[in-house]
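Below: the structure, in structure tokens.
Each reported figure results from applying straightforward, stated rules to the coordinates on display, with no laboratory input. The structure displayed is predicted, hence computed values, not measured ones. Note that we place each Cβ from the backbone using ideal geometry, even for glycine, and neighbour counts take in every protein chain shown.
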Amino acid sequence: MPRLFVAIDLPDAVKDQILRLREDDLPPARWTRRDALHLTLHFIGDASERQARRYGQALQQVEASAFALQLGGVGQFPVDSRPRVIWAGVGNSPDLRALREAVGRALQHSGHRLERRRFHPHITLMRFKKPLRRGLASRWLQAHQDFYIEPFIAREFALYESQLRPGGAVYTKREVLALSPP
């Protein structure tokens, strides 16, 4: 059964800038591989092939324009305890939220039940198998609090399939959907 999600891929130049953060490593982090950096719009989860096709068809009906995205700042999940994830922030964008809502409506119309979690746009930088000792993450986060990438244009989004492997998840684009010119 495919495990699915909808996301925006990042331009190569943006991925290169994100990867520069690795120069200041935070052991025992498992950094997100370059090819896996993305901005998740909706997590779907396990789906049959039939459902996956239905979701892909529904997403083709989403109408949205390309828009500017900006990355800046870093943070952690969970916010108020020892982190399991360190992320790069995504600037508040009405266009991003509109795309996410349109994708959500399309998924709901095709039979998917949406997650209730609040949307917190981010790019996962690293994960920890065990929550990190207090203080280690704080120092890293403080050192990189001014992380910033010039805005770039999001021109497409995709339905991804995730295959879990011992070395980390491998993501494959099942359906790439272009956004109309701004």
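Under 5 Å between amide hydrogens, built in the peptide plane, is the criterion, and for H38 it picks out T124 among residues at least 5 positions away or on other chains. Excluding same-chain neighbours fewer than eight residues apart, the lysines reachable from K15 by a Cα-Cα span under 23 Å are K173. Per-residue Karplus couplings for region 84-98, computed as 6.51 cos²θ - 1.76 cosθ + 1.60 with θ equal to phi - 60°, are listed in order as 10, 9, 10, 9, 9, x, 10, x, 4, 9, x, 5, 5, 5, 5 Hz, Gly and Pro entered as x.
Diffusion coefficient of region 23-76 by Stokes-Einstein, Kirkwood radius over Cα pairs, 25 °C, 0.890 mPa s: 160 µm²/s. Out of L125, L37, L69, any idea which swings most in a Gaussian network model of the chain, alpha carbons joined below 10 Å? Sorting by GNM fluctuation, first place goes to L69. Charges were assigned to the Cβ only: +1 to each Lys and Arg, -1 to each Asp and Glu. The resulting dipole of region 12-133 about its Cα centre is roughly 600 debye.
So what's Rg/Rh here for region 1-96, counting alpha carbon atoms and using the Kirkwood radius for Rh?
Ratio value, two decimals: 1.01.
The amide H of E175, built 1.01 Å from its N in the peptide plane, has L159 as neighbours under 5 Å, considering only residues 5 or more places off or on other chains.
Sorting 112-120, 78-86 by average packing, meaning the other beta carbons within 10 Å per residue, from highest down gives 78-86, 112-120.
When the charge dipole of the chain is built from unit charges on Cβ atoms (+1 for Lys and Arg, -1 for Asp and Glu) and taken about the Cα centre, the candidate among A47, H120, L132 whose Cα reaches farthest toward its positive end is L132. Of the Cα atoms belonging to the chain, the radius of gyration and Dmax stand at 16.6, 47 Å.
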